[in-house]
Amino acid sequence: MSEQLKIIKGDITELSVDAIVNAANSSLLGGGGIDGIIHLKAGPDLLKECKQLGGCLAGHAKITKAYNLPAKWIIHTVGPVWRGGSKGEPQLLSACYQSSFNLALKQGIKTIALPAISCGVYGYPILQAAAIAIHEALNFLELHPDIERITFVCFDDAAFESYQLQLDAILHE
Ligand code: AR6
């Protein structure tokens with residue numbers, strides 16, 4: 001199961017996977033951070049498609065084509081804004097991963113890459129977020145062993161180390 005789970009450092013927009021996950025906002029009309037880079041590189045047709053989607057609630061996910069990106073699909077999910085941790089943030093972050101994985105399953109996606117949702121502008125502490133991400137990925141892989149690969153894409157060393165640490169901790173529980 002953990003062989004299907006990869007943690008890498010890099011830029012998610014460069015990956016030739018079936019789907020990449022975007023850390024979007026509820027308008028789904030673009031923004032800064034990873035959302036901005038994805039829209040920039042995918043091209044203006046992405047915004048056209050997003051305008052048809054009617055936004056997205058936190059914890060939910062919607063899918064579009066990936067246009068000029070090497071991936072085939074983009075799964076847009078909306079993470080929680082960190083407000084100290086007792087305002088339902090962990091449940092909402094778990095829901096983001098679950099919604100994204102379930103949408104991938106429905107679309108027949110076998111390889112999916114995800115960023116550290118909510119860990120930039122939205123301020124979620126990376127170590128706590130990484131534990132949730134890995135926990136949800138391992139749960140999903142256990143239920144759906146035909147998924148070929150889940151890749152967590154870390155943009156910096158701090159994120160990469162947090163994911164490694166949490167994967168080791170969960171595997172040695
Ligand atoms: N590849 C992989 N990870 C990346 C990349 C990349 N190219 N670029 C950034 N990251 P953020 P959020 C990491 O702020 O916290 C936007 O304006 C980054 O280092 O993009 O969910 C949206 O429109 C961080 O670890 O997303 C929303 O308004 C992680 O991706 C809001 O920001 C997420 O950082 C969403 O905030």
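The values are calculated or read from the model by the stated rules, or taken from the named source; none is laboratory data. Bear in mind that the values here come from a model prediction, so they are computed numbers and not experimental data. Here Cβ is always computed from backbone atoms with ideal geometry, including for glycine, and neighbour counts include all displayed protein chains. These accessible areas exclude ligands, DNA and RNA; they are computed on the full protein's heavy atoms, side chains included. Shrake-Rupley method; radii C 1.70, N 1.55, O 1.52, S 1.80 Å.
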Next on the checklist: Considering only residues that are among the aliphatic types (A, V, I, L, M) and surrounded by fewer than 21 Cβ atoms within 10 Å (Cβ to Cβ), which ones fall in region 93-116?
Outcome noted: LEU105
Checklist entry - So which residues in region 42-75 are closer than 17 Å to LEU103 by Cβ and of a type in the set (Gly, Ala, Ser), if there are any at all? => result GLY54, GLY55, ALA58, GLY59, ALA61, ALA66, ALA71
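Yes/no matrix, rows are residues, columns are (1) touching a residue at least 60 places away in the same chain (Cβ under 8 Å); (2) within 11 Å of ILE75 (Cβ to Cβ):
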position: TYR97; (1), (2): no, yes
position: ASN102; (1), (2): no, yes
position: THR111; (1), (2): yes, no
position: VAL121; (1), (2): yes, no
position: HIS135; (1), (2): no, no
position: LEU138; (1), (2): yes, no
Item to check | helices (runs of 4 or more DSSP H) contained in region 1-109 and holding at least 3 residues at pLDDT 95 or above, within 14 Å of the ligand (Cβ to nearest atom) and within 23 Å of PRO125 (Cβ to Cβ) | outcome: 33-42, 89-106
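Please enumerate the residues belonging to region 110-136 that are within 14 Å of the ligand (Cβ to nearest atom), assigned to a helix (DSSP H, G or I) and under 12 Å from the mean Cα position of the chain (by Cα).
Those that are within 14 Å of the ligand (Cβ to nearest atom), assigned to a helix (DSSP H, G or I) and under 12 Å from the mean Cα position of the chain (by Cα): ALA129, ALA130, ILE132, ALA133.
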Next on the checklist: Could you tell me how many of the residues in region 133-173 are within 18 Å of ILE112 (Cβ to Cβ) and not aromatic (Phe, Trp, Tyr)?
Outcome noted: 22
Checklist entry - Is it true that some residue in region 78-90 is under 15 Å from ILE150 (Cα atoms) and surrounded by 24 or more Cβ atoms within 10 Å (Cβ to Cβ)? => result no
Checklist entry - So GLU173 clears everything in (1) modelled with pLDDT of 95 or more; (2) open to solvent by 80 Å² or more (accessible area, probe 1.4 Å); (3) farther than 16 Å from VAL21 by Cα; (4) not aliphatic (A, V, I, L, M) except one condition, right? Which one? => result (1)
